[in-house]
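Read the structure below first, then the notes.
The values are calculated or read from the model by the stated rules, or taken from the named source; none is laboratory data. Please read these numbers as outputs of a predicted model, since none were measured by experiment. Cβ sites come from the backbone with ideal geometry, for glycine too, and all protein chains shown count toward neighbours.
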Amino acid sequence: MAGMITEDLNKFGPFGKYNGVQVVTNKFRDFSSGSNLGASAIMISGSHEALDGILTLARGGQLQIASMSVGVIHEIGIASCESDNASTHICVLQR
């Protein structure tokens, strides 16, 4: 992940466990290289009945989004994620 958004934050931060978020909705996003590295937790948002998508884990394997709890931070490293509809929001938290 790139530096903080200001030079002062670069000097004195980071201040929390997670310092970046990317929301993935109705698309695929790779977190295995470049500025997207550091995806270390997710939180799912949306109607549980309509959740659809897949997480590919950093050390292999996949999880179905529909089997995960909504509104809970799941501390898990991911390589990529895919939200398969406009009502499934995968909030990817980065260090």
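Does region 44-80 hold any residues that are touching an Asp or Glu at 6+ places or on another chain (Cβ under 9 Å) and within 19 Å of residue 33 (Cα to Cα), and which are they?
Answer for region 44-80, where residues must be touching an Asp or Glu at 6+ places or on another chain (Cβ under 9 Å) and within 19 Å of residue 33 (Cα to Cα): 54, 55, 56, 79, 80.
Please go through region 28-37 and give me each residue that is more than 19 Å from residue 89 (Cα to Cα) and in contact with a strand residue (DSSP E or B) (Cβ under 6 Å, 6 or more places away or on another chain), ordered by number.
32 - this is the single residue of region 28-37 that is more than 19 Å from residue 89 (Cα to Cα) and in contact with a strand residue (DSSP E or B) (Cβ under 6 Å, 6 or more places away or on another chain).
Can you tell me which residue in region 45-83 is farthest from the chain's Cα centre (by Cα), limited to those that are of a type in the set (Asp, Glu) and surrounded by 14 or more Cβ atoms within 10 Å (Cβ to Cβ)? Lay out the reasoning, then the answer.
From region 45-83, those of a type in the set (Asp, Glu) are 49, 52, 75, 82; that's our starting set.
Then drop every residue that is not surrounded by 14 or more Cβ atoms within 10 Å (Cβ to Cβ), which leaves 52, 82.
On the way: 52: 15, 82: 10 Å.
Looking at the filtered set, the residue picked out is 52.
Pick from region 3-44 the residues that are among the hydroxyl-bearing types (Ser, Thr, Tyr) and either at pLDDT below 95 or more than 14 Å from the chain's Cα centre (by Cα) (or both): which of them is farthest from residue 87 (Cα to Cα)? Quick ask: steps written out before the conclusion?
Taking region 3-44 and keeping what is among the hydroxyl-bearing types (Ser, Thr, Tyr), we get 6, 18, 25, 32-33, 35, 40.
Within this subset, residues satisfying the condition of being either at pLDDT below 95 or more than 14 Å from the chain's Cα centre (by Cα) (or both) are 6, 18, 32-33, 35, 40.
Working: 6: 33, 18: 24, 32: 25, 33: 27, 35: 26, 40: 22 Å.
Of everything passing the filter in region 3-44, 6 is farthest from residue 87 (Cα to Cα).
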